[in-house]
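The values are calculated or read from the model by the stated rules, or taken from the named source; none is laboratory data. Keep in mind the model is a prediction, meaning the values are calculated, not measured. All Cβ positions, glycine included, derive from the backbone under ideal geometry; neighbour counts span all protein chains shown.
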């Protein structure tokens, strides 16, 4: 029994240490992402500024701010971890497809290591990553896809004027409209539409009392959201 108690303290300590290490890694990864997008011309050149130690400090600050915003919509550590894990695995889906695309579009590139059996392993890897994301549950996937869609206007605002010749005003206006649509659907859709149909699908049917309970919980959280009738 004493050994189990001691082991529980080890797990508790690891619960603090492990996320801290992951946080430092993702801080560097996010900074490199901002810097890389600016290098390719997708983000403003301000993100390319580095200090005397060679650190892109504006990209570092931007990564920190974005990380803070990711903490806002999650009421629990469980949902935050689920979101980060699913978003990470979501990026793995591109690996299976990417290796086959690059072998067809860039066969001349020198490859120090060439994965044998990629024609079979790549589809399997893609399916496995997709299933892991799918099994994360609707709540986590809702936040993951909302975050992905919310980031698309940034890509278009900076990419379209330079590469597609679209006027900056038009690209900004389209981005704002897209954000408004995503915000509206995220705010009203989750509790009023998706939650309702998810209950219907999971239970097979929904009674009037169940619908009233859902409507009451929804109105308590978002008083101005539209009502529905089961």
Residue check, residue 185 at pLDDT below 85 and over 23 Å from residue 84 (Cα atoms)
no
Would you check if residue 55 is out of contact with any helix residue (DSSP H, G or I) (no Cβ under 6 Å at 6 or more places or on another chain), under 19 Å from residue 147 (Cβ atoms) and either outside the structural domain of residue 172 (by TED's automatic domain parsing) or at pLDDT 75 or above (or both)?
no
Filter result (touching a residue at least 24 places away in the same chain (Cβ under 8 Å) and loosely packed, with under 13 Cβ neighbours inside 10 Å) within region 30-63:
41, 44
Applying the selection to region 133-145, what residues are in a helix (DSSP H, G or I) and free of Cβ contacts under 8 Å to residues at least 24 places away in the same chain?
134, 145
When you go through (1) surrounded by 13 or more Cβ atoms within 10 Å (Cβ to Cβ); (2) under 26 Å from residue 101 (Cβ atoms) one by one for residue 175, which number turns out not to apply?
(2)
When you scan region 63-79, do you find a residue that is over 19 Å from the mean Cα position of the chain (by Cα) and at pLDDT below 85, even just one?
no
Checked 8, 59, 18 against criteria (within 30 Å of residue 187 (Cα to Cα) and not in a loop (DSSP other than H, G, I, E, B)); the one match is 59
Give me a count of the residues in region 76-95 that are surrounded by 12 or more Cβ atoms within 10 Å (Cβ to Cβ) and over 21 Å from residue 33 (Cβ atoms).
2
Could you tell me which numbered condition residue 41 fails, if it satisfies all but one of (1) outside the structural domain of residue 18 (by TED's automatic domain parsing); (2) touching a helix residue (DSSP H, G or I) at 6+ places or on another chain (Cβ under 8 Å); (3) farther than 28 Å from residue 23 by Cβ?
(1)
Test residue 25 against the criterion of being assigned to a helix (DSSP H, G or I) and touching a residue at least 12 places away in the same chain (Cβ under 8 Å), and give yes or no.
no
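To keep it simple, each residue is scored yes or no on (1) in contact with a helix residue (DSSP H, G or I) (Cβ under 8 Å, 6 or more places away or on another chain); (2) at positive phi; (3) part of a loop (DSSP other than H, G, I, E, B).
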{"residue": "108", "(1), (2), (3)": "no, no, yes"}
{"residue": "113", "(1), (2), (3)": "no, no, yes"}
{"residue": "119", "(1), (2), (3)": "yes, no, no"}
{"residue": "123", "(1), (2), (3)": "yes, no, no"}
{"residue": "131", "(1), (2), (3)": "no, no, no"}
{"residue": "147", "(1), (2), (3)": "yes, no, no"}
{"residue": "163", "(1), (2), (3)": "no, no, no"}
{"residue": "172", "(1), (2), (3)": "yes, no, no"}
